[in-house]
Amino acid sequence: MTITNVGIVGAGQMGNGIAHVFALAGYEVRLHDISAKALETGMATIRANMSRQVGKGRITEDEMNSGLARITTTEDLTTLGPSDLIIEAATEREAIKQAIFDELGPHLRPDTILASNTSSISITRLASRTDRPGKFMGVHFMNPVPLMELVELIRGIATDEATFAALKEVVLRLGKVPTAAEDFPAFIVNRILMPMINEAIYTLYEGVGSVEGIDTSLKLGAHHPMGPLELADFIGLDTCLAIMNVLHEGLADTKYRPCPLLTKYVEAGWYGRKTGRGFYDYRGDVPVPTR
């Protein structure tokens, strides 16, 4: 199957990044969100990020303008139905994702491929709720999408080989590197990354180190580009908690128990950068540790 037009559900941090890379790669993109404000913000982010790429000489101004022209926005989910490929990039909550696929179902072409950008949820289970489990896959982009090279490709138990081959070809056309992951909780990257972040939060919770001390230690002692608490704020503490819950529930191992401090921050609405406060307070000119 030749994929030329793509529908993307969700104009947030991941969705607008996915739209960005598809548009620059020559695909026609229809970006959906339930909020006109979210679509406006998403397009502004895409424009700003492409402008940054022009400034760094990574793309030309003509390529930016052509890419932006390939993106249209819509608040009507059903208009994505005729797309060759639809990628869901909504909130990391299974009920929301299932509702999206339920609504899309009656409006899809028989050959449309469905994909989820989920970072942890079972692809097999999501696919089973649709009328096309053979044409359903996980396509997990890393954040920030325009900069990160890797895309995890996750087959559900019913995903057919033609679907995997088509999406592998798409990822290569985007200029990214595909890696195949089995359909186990959190796949490869987050299966390794999130427990490390969770352990860093336990280290803070137990008073072993401060926010600044933990992040500095990992940056200078392990050459990590970002400290684990800074990275958690960047990802979103709500997303970190959701992934840890999937790991804990899916693997039934106490080593994946989310740190109570992570739960407390999420209960407070302190999700990190996107809300202005997490392990750091971002409301001033310089981020300040909150503990």
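The values are calculated or read from the model by the stated rules, or taken from the named source; none is laboratory data. Computed from a predicted model, the values in this text were never measured in an experiment. Cβ atoms come from the backbone with ideal geometry, glycine included; neighbour counts cover every protein chain shown.
Observations, loosely collected:
- The residues listed here are Thr118, Thr124; of these, the one that is in a helix (DSSP H, G or I), closer than 22 Å to Ala186 by Cβ and touching a residue at least 12 places away in the same chain (Cβ under 8 Å) is Thr124.
- Going through (1) surrounded by 22 or more Cβ atoms within 10 Å (Cβ to Cβ); (2) outside any helix (DSSP H, G or I) one by one, Ala19 falls short only on (2).
- Residues that are under 22 Å from Leu104 (Cβ atoms) and of a type in the set (D, E, K, R), drawn from the range 1-58: Glu28, Arg30, Asp33
- Residue among Gly12, Gly7 that alone is at pLDDT below 95 and within 19 Å of the chain's Cα centre (by Cα): Gly12
- Flag if Asp285 is surrounded by fewer than 22 Cβ atoms within 10 Å (Cβ to Cβ), more than 20 Å from Pro144 (Cα to Cα) and either touching a residue at least 60 places away in the same chain (Cβ under 8 Å) or in the same structural domain as Val151 (by TED's automatic domain parsing) (or both): no
- Residue count for the range 78-96 satisfying the condition of being part of a helix (DSSP H, G or I) and closer than 17 Å to Ile18 by Cα: 1.
- Residue count, the range 42-65 (criterion: touching a helix residue (DSSP H, G or I) at 6+ places or on another chain (Cβ under 8 Å) and either exposed (fewer than 13 other Cβ atoms within 10 Å of the Cβ) or not hydrophobic (A, V, I, L, M, F, W, C) (or both)): 9
- Matching entry among Ala200, Ala186, Ala242, Ala180 (being buried (at least 20 other Cβ atoms within 10 Å of the Cβ) and not in a helix (DSSP H, G or I)): Ala186
- Of all residues making up the range 206-222, the number that are outside any helix (DSSP H, G or I) and within 24 Å of the chain's Cα centre (by Cα): 0
- Sole residue being of a type outside the set (Val, Ile, Thr) and assigned to a loop (DSSP other than H, G, I, E, B), chosen from Arg58, Arg52: Arg58
- From Thr239, Thr216, Thr203, residue being among the hydroxyl-bearing types (Ser, Thr, Tyr) and modelled with pLDDT under 95: Thr239
- Ala69 meets all of the listed conditions (1) modelled with pLDDT of 95 or more; (2) closer than 30 Å to Ala186 by Cβ but one, namely (2).
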